[in-house]
Amino acid sequence: MRKNFGPKSWTYPQPVFIIATYDQQGVPDAMNAAWGGISEENQLSVCISAGHKTTGNIIARKAFTVSMADIDHVAACDYVGLVSGNDTADKMERAGFHTQPAQFVDAPVIQELPMTVECRLVSYDPESCRLVGEIVNISADERILDQQGRIDPDKLRPIIYDPIHHTYRALGPQVGKAFSDGNQLK
């Protein structure tokens, strides 16, 4: 027997994205967004409303970064989703975040978050709240790389959003090998 819940925004996993921008004066801002993911090979899409300061910054600067929220920064990542840069000028400082300019786009990289996707604005639709960015670079702190120089999710320790219980969860261990394990059923 299955229970029906009707239409909900429930999928697993939902990444916890921290979107960072510069405002008109060059002041860094960030927000927490869970409704997003890869939408094309070199594009990332996120659902964010037009009223966010971050949205206005993206439209003005045509760029943004997306960092993966991690276990070590749960409180800070949640905080930037609780308060608006429209009302809290020292939001980044209160979160304990420090930034540096991204190498390829006009947006900040949050130094405490070890993986960042640099994006150029492709489009924003205020009606659907869909923001699309072209991925122009991904950078990672060396501390989260494996011996082959690739990002190691066990070292990154990203969190996901649980939309049913309104909690953050850790990503789990490897359970299989993609494009391989299914071969046994051929």
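Across the stretch 91-133, the fraction of Cα-Cα pairs farther apart than 18 Å, rounded to a whole number, is 43%. Split the accessible area of the stretch 1-53 by element, probe 1.4 Å, and carbon with sulfur accounts for 53%. Comparing ARG61, ARG157, ARG94 in a Gaussian network model of the chain, where Cα atoms under 10 Å apart are tied by springs, the biggest mean-square fluctuation is seen for ARG94.
Ignoring any ligand, DNA or RNA, what whole percent of the accessible area of the stretch 78-156 comes from carbon and sulfur when the probe is 1.4 angstrom? Walk me through the intermediate numbers first.
Numbers: 2000 of 4560 Å².
In the stretch 78-156, the share of accessible area belonging to carbon and sulfur is 44 percent.
If you take the alpha carbon atoms of the stretch 14-53 and fit the smallest convex hull around them, that volume is 81 Å³ per residue.
If N is the number of residues in the stretch 69-117, what value comes out of its Cα radius of gyration divided by 2.2 N^0.38 Å?
Working: Rg = 11.1 Å, N = 49, 2.2 N^0.38 = 9.7 Å.
That ratio works out to 1.15.
The alpha carbons of the chain occupy a box of 57, 46, 30 Å along the principal axes, longest dimension given first.
The distance linking the stretch 36-94 with the stretch 125-156 is 14 Å (Cα centroid to Cα centroid, whole angstrom). Computed over protein heavy atoms with a 1.4 Å probe, the accessible surface of the stretch 55-102 works out to 47 Å² per residue.
What do you get when you divide the Cα radius of gyration of the stretch 109-180 by 2.2 N^0.38 Å, with N the number of residues? Mind dumping the intermediate values first?
Numbers: Rg = 15.7 Å, N = 72, 2.2 N^0.38 = 11.2 Å.
Taking the Cα Rg and dividing by 2.2 N^0.38 Å, one obtains 1.41.
Using C-alpha pairs below 8 Å separated by at least 6 residues, the relative contact order for the chain is 22 percent.
Put simply, the stretch 1-80 fits an ellipsoid with semi-axes of 27, 15, 13 Å; these come from the alpha carbon gyration tensor as the roots of five times its eigenvalues, largest first.
If exposed means no more than 16 neighbouring beta carbons inside 10 Å and the site is in a DSSP loop, what's the longest run of the chain without any exposed chymotrypsin sites (Phe, Trp or Tyr not before Pro)? Write out the running numbers ahead of the final one.
On the way: sites that count: PHE5, TRP10, PHE104, PHE179.
The longest uninterrupted stretch comes out as 11-103.
The values are calculated or read from the model by the stated rules, or taken from the named source; none is laboratory data. Just so it is clear, the model here is predicted, and its values are computed rather than measured. Note: ideal-geometry Cβ built from the backbone for every residue, glycine included; neighbour counts use all protein chains shown. SASA here: full protein model, heavy atoms, side chains in, ligands and nucleic acids out. Shrake-Rupley method; radii C 1.70, N 1.55, O 1.52, S 1.80 Å.
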